Amino acid sequence: MRRYLFPLILGLGGIAILLSLGFWQVSRLHWKETLLAAINAKLSDAPVDLGTLPAPDPVTDRYQAVTATGMTAGQGLMVLSGRKGSGAGYEVIDALTTASGRRVLIDLGFVPEADRTRPRPPRSLTVTGNLDWPKEADSYTPAPDLAANVWFARDVSAMAEKLQTEPVLVVLRTSDPADASILPTPVDTSGIPNDHLGYAITWFSLAAVWAGMTAYLLWRIRQRTA
């Protein structure tokens, strides 16, 4: 019986650990699905006037649907980007001065590489979009090439300082009038990873393999002692 004890403890302990990791991923899956549902609900809410949000909070007001009327500055910052079917290009970030005098950042959308230098003079428009504070810049992100007007991430704080706006970014969904030369890139949840189901299946599969290996080892021990 002693010969079975250590393999049995090792086998049951390993199975318990792997199963606990699998169930933890299941709980994370439920949490992520709830989070994504809440974000999608917020994205599709009826827009509120930006003027009713005097100091939007990057946490509680992220994804808030808003509408605003104002004048763009024609100072588009070009953020290196890409789009499936269009190839390399840039996200155009400009400043929008509202009728009340507020000045905020606005993500007008995507333009292909060939249209990078196309003039975009100031224009009056009414926009509907969502507030966002993208977390794209990190310690590995190159500093923007200001001489060439090329940025490598949407850094709200740095861009607000450059264009002298509030650190608030409205990502455009629609505008009136529309600009056919810029393709809006509305905020959605497609870029938020949700791989917890795959991780859970992996841990449960490893638990099954571990159980099989444990059973095989116990069988081999029994064969030797028979």
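Throughout, read-outs are computed from the coordinates displayed, never taken from laboratory work. Note that the structure is a prediction, hence the values are computed from the model and not measured. Note: ideal-geometry Cβ built from the backbone for every residue, glycine included; neighbour counts use all protein chains shown.
Only helical runs count toward this figure. For the chain, summing -39,500 (n - 2.57) over DSSP H runs of n ≥ 4 and dividing by all residues gives -12500 deg cm²/dmol at 222 nm. Counting only residues at least eight positions apart within a chain, or on another chain, the aspartates and glutamates with an alpha carbon under 12 Å from that of K32 are D195.
Normalising the Debye intensity of the stretch 39-161 to I(0), with uniform scatterers on Cα atoms only, and taking log10 at q = 0.11 Å⁻¹ returns -0.40.
Relative to the compact-globule estimate of 2.2 N^0.38 Å, the Cα radius of gyration of the chain comes out at 1.53. The peptide list 51-64, 119-132, put in order of mean Cβ contacts within 10 Å with the highest first, becomes 119-132, 51-64. Residues whose amide H comes within less than 5 Å of that of L77, counting only those at least five positions distant or on another chain, are I93, D94 (H built at 1.01 Å from N in the peptide plane).
Highest-first packing order for the peptide set 186-195, 90-99, 66-75 is 90-99, 66-75, 186-195, based on the mean count of other beta carbon atoms within 10 Å. Under 16 Å of direct C-alpha separation, and excluding same-chain neighbours fewer than eight residues apart, K135 reaches these aspartates and glutamates: D57, D61, E91, D107, D155, D188.
Residues E161, E166, arranged from fewest to most other Cβ atoms within 10 angstrom of their Cβ, appear as E161, E166.
One Cα centroid belongs to the stretch 34-110, the other to the stretch 189-226; the line between them spans 46 Å. Each peptide among 137-143, 213-219 gets the average number of other Cβ atoms lying within 10 Å of its residues, and from highest to lowest they stand as 213-219, 137-143. Label separation (E136 vs F6): 5.7 nm, computed from points 7 Å beyond Cα along the C-beta direction.
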